[in-house]
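Following: one structure in structure tokens, then a few remarks.
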Amino acid sequence: MTKFSALLAQAAPAPGGGASGTFQFLFFVFMMAAMYFLLIAPQRKKQKEHEKMMAALKTGDEIVTTGGIYGVISGIKEDRLIVRIGDNNLKVEVAKGFVHGLVKKSDA
């Protein structure tokens, strides 16, 4: 029985282990800060840039949609754009949320 008692005494945590809890809390805070600066902040910056680009769109700008379709804006409605695609003057209405980026600003 004495060998078993000695093993239990060796495996027991040391008294005054409060530093471990503090370390775990600081590690958690560090991980949350790292996640914010590596993931959330760049995404918010990109979203603000996209909203700024969307607000500046006007007739004649060449855009690309999230589906990969290139076209020229021929009209703007409240919640969508009228986009001319191809050489046949084919016009489609595209929701503003599906504009991926601005390819070329119009000269006007």
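Read the figures in this text as sums done on the coordinates, not as results from a lab. No experiment lies behind these values; they were computed from the predicted model shown. Here Cβ is always computed from backbone atoms with ideal geometry, including for glycine, and neighbour counts include all displayed protein chains.
For the reader, a short list of remarks on this structure follows.
- ASP61 long-range amide H proximity, modeled H, under 5 Å: ILE73, SER106
- Full-stretch length increase - SER74, ASP87 - with 0.36 nm per residue and alpha-carbon distance subtracted: 3.3 nm
- Computed over the stretch 58-104, Cα set: Rg, Dmax in Å: 9.3, 26
- Amide H contacts under 5 Å for HIS100, placed H, 5+ residues apart: VAL64, THR65, THR66
- Environment charge at VAL92 (Cβ cut-off 10 Å; Lys +1, Arg +1, Asp -1, Glu -1): +2
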